[in-house]
Structure formats: C-alpha cells, structure tokens
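Okay, structure first, notes after.
The values are calculated or read from the model by the stated rules, or taken from the named source; none is laboratory data. Owing to the predicted nature of the structure, the values given are computational and were not obtained by experimental measurement. Glycine gets a Cβ as well: all are built from the backbone with ideal geometry, and neighbour counts include every protein chain shown.
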Amino acid sequence: MSESLVSMKNVSYSYETTKALIDINFEIKKGAFIGLVGPNGGGKTTLIKLLLGLAKNQKGSIELFGTKINKFKDWNKIGFVSQKANSFNKGFPATVYEVVSMGLTAKVGYFKFLSKADRRQIETAVNQVGMLDYLHQNIGDLSGGQQQRVFIARSLVSNPELLILDEPTVGVDTENVRKFYDLLHNLNEKQNISLLLVTHDTGTMTHHATDIVCLNKTLHFHGKPTEFTNLSDRELSNIYGHPLNVVTHNH
C-alpha cells in the first residue's frame, strides 16, 4: 500500500459567515499526480493554505506524512510554487543561482555562506528543470516559462517529497505550457515526486494526472482522468455552477 502524504478528514473552513470548504475527505498517496480543478471561489486556494499551514484548521483533521498538522515540523518535505507569471518583477536583480538558493534559507538561514554541498544541491535542482545553461543569467531576462522552471527548482532544492503548484501556467505561452507539463510528468514519473497541481486547464491535465479532484466547496469528484472525461456536460455544469464541457488536448 502506498504511503499517505496528505490526509484530510471531515475538514470544513469558513471565512466569518462564508463557507469555503465543507466536509472535505481527501488523500494524496506517494507517487500521485493530482490535478485539482474547480470554479473560482470553489475553495482551492483555501485548501492549499490549510495544507501549507498558512490557515489554521477549524474543523476535522489534517495529517501530513502521518503527523497531525499542528505537530508537523518537516516542512522541507513540501515544496510550493505559486502563480507568478503575471506579477513577477522583471527588474529583480538576481541570477538563477541566487533565486534557487533562496529555497535553502530555512536550512542555512539568512546571510549565511553556502557549503560546497549546498552549491551542488542548487546546481542539481537547476539541472532537474533543464535550466543549468542559465545558472548565472539574470532571471528577469528569461521568458515566463523559463522563470517558472526556476521557481520550481527553488522548491526542489530542499528535496521535497510533495510539490504543490498553484496555477503555475497563468501567463505562460502555449508552447512553454506543453514543455511545463512534460517537466512535471518527468518529476513525477522519473524522480518520484508527488504532485498537487491547481489548474483550470482540465483538458491538458487529463493526459498527465493520475487522479483528478474537482472541488466546489465540497468534493464533487475524485477519480481517474478517464472517469472525469466521461462525466456528462450536465454533470460538469452542476459541479461548476455554469455550462462547461471538457476539451482534451493531445500533446
């Protein structure tokens, strides 16, 4: 049986009188590549905040790597890549190497010298995302897709077992989106990193994920991509609250 990395049982969360999550039961097994989809305002961001400890759980239980979240300390096991393509400051004066080294701050602290092993770890992470040739280039000179690879490397440098990505392809051109999904597939299949990807791109996601989770305050669907694509337009529209159909893309 695969190891459970995340377990949410009967989790509910509200912002004052507004319910964001209602009775969520959800699990991420080691080796999974989960696509988290659903409408805006459906609770996806709240779920991520709970998993990252950025919001305090109100009801139900959350376990990370078999430990209750309020006692969990091994945050280096979880990497996070936020939506950044539309907001990143291209004038930020830092090289790829320097940006990725920020992922070691929790380990080495601020204003500390990196060891030889740390430097090797940085180069390894950059190589994992295919950006080693750009190691000393200013990140502001890179394309949106290349920048996003660097931010993944920053998350990978601490050797996480689970990588959470929040709509990372927003603002990235179509060709780089394809390459981006290929990278995620490689991280999952060949490097055994479990993934939780929040996305609106349901069509592309069905070709890469091992599981699809559809969230709209409650968990409406959790199953295989083939099962998700077989949902009727009416079923999808009921989940999203407006007419919707999934168009799959072959890459």
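For the stretch 52-64, give me each residue that is part of a loop (DSSP other than H, G, I, E, B) and at negative phi. Of everything in the stretch 52-64, those that are part of a loop (DSSP other than H, G, I, E, B) and at negative phi turn out to be L52, L54, A55, K56, N57, Q58.
Within the stretch 183-193, the set of residues being free of Cβ contacts under 8 Å to residues at least 12 places away in the same chain and more than 17 Å from F151 (Cβ to Cβ) comprises E189, K190.
Only residues that are in a loop (DSSP other than H, G, I, E, B) and either at pLDDT below 90 or touching an Asp or Glu at 6+ places or on another chain (Cβ under 9 Å) (or both) were counted across the stretch 137-157, and they come to 3. The residue of the stretch 76-97 that is modelled with the lowest pLDDT, among those that are charged (D, E, K, R) and assigned to a loop (DSSP other than H, G, I, E, B), is K84. For the stretch 25-51, the set of residues classified as among the hydrophobic types (A, V, I, L, M, F, W, C) and either closer than 14 Å to L197 by Cα or modelled with pLDDT under 95 (or both) consists of F26, I28, A32, F33, I34, L36, V37, L47, I48, L51, listed by residue number. Candidates in the stretch 19-56 are the residues that are among the polar types (S, T, N, Q) and touching a residue at least 40 places away in the same chain (Cβ under 8 Å); of these, the one that is surrounded by the most Cβ atoms within 10 Å (Cβ to Cβ) is T45.
Considering Q128, Q137, Q146, the condition of being crowded, with 16+ Cβ neighbours inside 10 Å, of a type in the set (S, T, N, Q), without any contact (Cβ under 8 Å) to a residue 60 or more places away in the chain and out of contact with any Gly (no Cβ under 7 Å at 6 or more places or on another chain) is satisfied by Q146 alone.
When you look at T169, is it of a type in the set (S, T, N, Q), without any contact (Cβ under 8 Å) to a residue 24 or more places away in the chain and on the phi < 0 side of the Ramachandran plot, yes or no? Steps first, please.
Numbers: of a type in the set (S, T, N, Q): yes; without any contact (Cβ under 8 Å) to a residue 24 or more places away in the chain: no; on the phi < 0 side of the Ramachandran plot: yes.
So T169 does not fit the description; no.
Restricting to the stretch 194-230, give me the number of residues that are in a loop (DSSP other than H, G, I, E, B), without any contact (Cβ under 8 Å) to a residue 60 or more places away in the chain and closer than 28 Å to V129 by Cβ.
Qualifying residue count for the region: 3.
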